[in-house]
Each structure stands twice: as C-alpha cells, then as structure tokens.
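Undergrad: The structure under discussion is supplied below as structure tokens; questions concerning it will follow.
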Amino acid sequence: MTAPTHKGHETAPHDAEHRPQVAERDPHDAEHQPQNAQRDPGDAEHGPHDPVCTEPPSRAARSGGLTRRLVDRFVVTGSVLETERIAARMNRIRIGGEALRKLSSSPGQQVRVLVPDESGRGLRGRIGELRTYSVWSFDATAGELDLCVMDHGEGPGARWGRTTRPGDEVRFRAPEGSFTLRQDAPYHVFVGEETASVPLGAMLAAVPDDVRVYGVVETAAEADRLPLPRSAELTYAVRGNASAASSQVLPDALRRLELPDEPGVAYIAGEARTVQRARAVLVEERGWPRRSVVTKPFWTPGRTGMD
Ligand SMILES: Cc1cc2nc3c(=O)[nH]c(=O)nc-3n(C[C@H](O)[C@H](O)[C@H](O)COP(=O)(O)OP(=O)(O)OC[C@H]3O[C@@H](n4cnc5c(N)ncnc54)[C@H](O)[C@@H]3O)c2cc1C
C-alpha cells in the first residue's frame, strides 16, 4: 500500500492562483463551472468529459498530425510505471516521465487525463475523453505522480483505471484546482466517500502534526478504505449496499462528530448531493460560516462531468 506524499514544486499556499475554492454558493451552480478559465483543446468550454477533438476523420487525416501537435502544447506526456489495487475497488496508477519533473502540485489538486473513449481508441477523429482525477501522491524529483481511480463499473475513466498497464502512454493536463488546504485553519475537518478519499488523503498528509484533524470517511465496505494518513483521528462510516448518491450515512456521521465549539475549516468532496447535505450539516445545523466549508463535487448519477 502506498501512502500519499507531495514532494517538491508544491504551489505556495499564498499563491493567488491556488487559493482554495470556498463554498459561497450551491454546489449545483458555480462549483460545477470549470475552475480554470484558460482555454485549450483539452478544456475550452466543453467540460472534462467532452471529446478533445471532434473533427471528422477525413479532415483529421488532411490535417495530419495537427491535432496531436495542438494537444501536445497543452498536455503533459508520461507513461504508466506501475498499477496497484490499493483498495477493493480502487486502482492506483503511478505515472512517470521527464516532463513530470517540471510540474507543481498542491495536495488536493487534480489533473485531467485523456482516457480512451468507448471504442478503446479514437472515435470519428477523436483522440479520447477527459476525466478528472485527484493527485494522490506527487514527487517532482522522481518525476512521478500517483492517481487512484475508482472502479465503479462502466465508464471510460473506470475502464482506463482497470485496464491500463505499465508502459502505456498517459497524457494529462498539469495539476490545477483550489480544493486545497487553508493554511490559516485552526483545525481541519475532512469529509467524503471513496473518491473523495483521494484528495483528502493527500491533504491529510500535508497537515502539520501539531494541527488537529477530524473527519468522516464513508465507504460501501471496510475493504474500500484507502490507507489514509492520521486514520486513527478519523471516523469511518459504512453505507453497505446503499448508494453513495444522496447518502444519509455520511451526513449522519458528520452530525455525530464531536468538534471544538469554534469552527475550523472543512473540506467536503465526492457525490454532489451528498456534498450538499454534508455542507448543510455544518452551515445550517452547526452554524459554521459558509466560507469555512470548502466543497468539491466529483460525480453524480447521470452526469459525465462535474468540473
Ligand atoms: C475535481 C475532481 C476530482 C476527482 N477525483 C477523482 C479521483 O481521485 N478518483 C476517482 O475515481 N474519481 C475522481 N473524480 C471523478 C472522475 O472524474 C470521473 O467522473 C469518474 O471516474 C467517472 O468517470 P467514468 O468515465 O468512469 O464514468 P462516466 O461515464 O463519467 O459516468 C457514468 C456514470 O457512472 C456513475 N459514476 C461515476 N463515478 C462514480 C462513482 N465514483 N461511484 C459510483 N458511480 C459513479 C454515475 O452514475 C455517472 O453518471 C473526480 C472528479 C472531479 C471533478
């Protein structure tokens, strides 16, 4: 099992571009917008799950390697170094390469990965689909970055996580996002399900030992738990066969969590409606200021992109 670490080229906490995204609005509006307004062929206004290129084959053929050259300007290329079933339904994928030595990453940030579409390769000139994954571990010196991909069933991302093998090329955008630690927090509260455990693990590893942490991590079964740093300080909840979508188990466990009287900073991620419910527990029931709750919806039934 590989615990998360972030070594080297970490984005400075005071860097304005990487300030945490604070939940001022409902997760179903602003937080679903792309965080990075920069446009490129891998993002534009399409969202992460849209094809990167939709040119028909004939035109793509005429343009030769133009598409690839354009994409290469905006993506990092590495290769899979190793894979590991790190929990019952979670695949850890280590990506390495010279280009990764130049990256910066702050714990909690994510990358957008080009994964094969349902045909397993380019479809009608497309070169893949974009899926977003949090960085579990990053080592700039070694040029290595680990992702953990939930095997929830069928979907281009889950399929890629299950089937990719050492030696496969991986193309992705540099780490980005503001779901990161607030350095001025008196204490931190981490809340989420399986997929949220990935950034929460990276963030937990970065909290200084003398700063208190609390948290509630919900999984379908104990076997789905990731090896999180400071796990003895966290509370675990098992939802069994219930869906992770609109879960009551996670908000209920958060409701029971003993916390100091004064608010700290909470980080809530995972399924969108559950994120909303968990935030309501802190803001509406416990009276925390909205700015003290940082949220990031990752997925929800029927949607193929939340970023
Ligand atoms: C900022 C951010 C960070 C993320 N980090 C991670 C991460 O570290 N690890 C990770 O695994 N995912 C993460 N995700 C989610 C990821 O981007 C994909 O949405 C997810 O892998 C599903 O992609 P897919 O192609 O397999 O399925 P899609 O084709 O995109 O989705 C099809 C359907 O599958 C279902 N589904 C999707 N995800 C889940 C799930 N987790 N559990 C149950 N059902 C699901 C939904 O009903 C969805 O409509 C993150 C998303 C965001 C926005």
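We did not get these values from a lab; they are worked out from the coordinates using the rules stated. Quick caveat: nothing in here was measured; it's all calculated off a predicted structure. Positions of Cβ are generated from backbone atoms using ideal geometry, with glycine treated the same way; all protein chains shown enter the neighbour counts.
Undergrad: Quick one: Kirkwood hydrodynamic radius for the range 231-307, alpha-carbon pairs, angstrom, one decimal? Don't jump to the answer; show the numbers that get you there.
TA: On the way: mean 1/r = 0.0755 Å⁻¹.
After inverting the pairwise mean of 1/r, the radius is 13.2 Å.
Undergrad: Can you work out the Karplus-derived ³J(HN,Hα) for every residue in the range 73-84? Use 6.51 cos²θ - 1.76 cosθ + 1.60 with θ = phi - 60°, whole Hz, and x for glycine or proline.
TA: Computed from phi, the couplings for the range 73-84 are 5, 10, 10, 9, 10, x, 9, 5, 9, 7, 10, 8 Hz.
Undergrad: In addition: Please sort by residue number the GluC sites (Glu not before Pro) in the range 85-186 whose DSSP state is loop and whose Cβ has at most 15 other Cβ atoms within 10 Å.
TA: When the GluC sites (Glu not before Pro) of the range 85-186 are filtered for loop state and at most 15 Cβ neighbours within 10 Å, Glu118, Glu154 remain.
Undergrad: Something else: Report the percentage of all Cα-Cα pairs in the range 178-299 whose separation exceeds 25 Å, rounded to a whole percent. Walk me through the numbers before you get to the answer.
TA: On the way: 924 of 7381 pairs.
Result for the distance tail: 13 percent.
Undergrad: Something else about it: Given the peptides 228-235, 265-272, 207-214, arrange them by the average over their residues of other C-beta atoms within 10 Å, most packed first. Show your work: numbers first, answer last.
TA: Values: 228-235: 16.2, 265-272: 26.8, 207-214: 12.9.
Result, highest mean first: 265-272, 228-235, 207-214.
Undergrad: Could you size up the charge dipole of the range 132-262 around its Cα centre, putting +1 on the beta carbon of Lys and Arg and -1 on that of Asp and Glu, and report it in debye to the nearest 20?
TA: Values: 12 positive and 21 negative charges, 66 e Å.
Value, rounded to 20: 320 debye.
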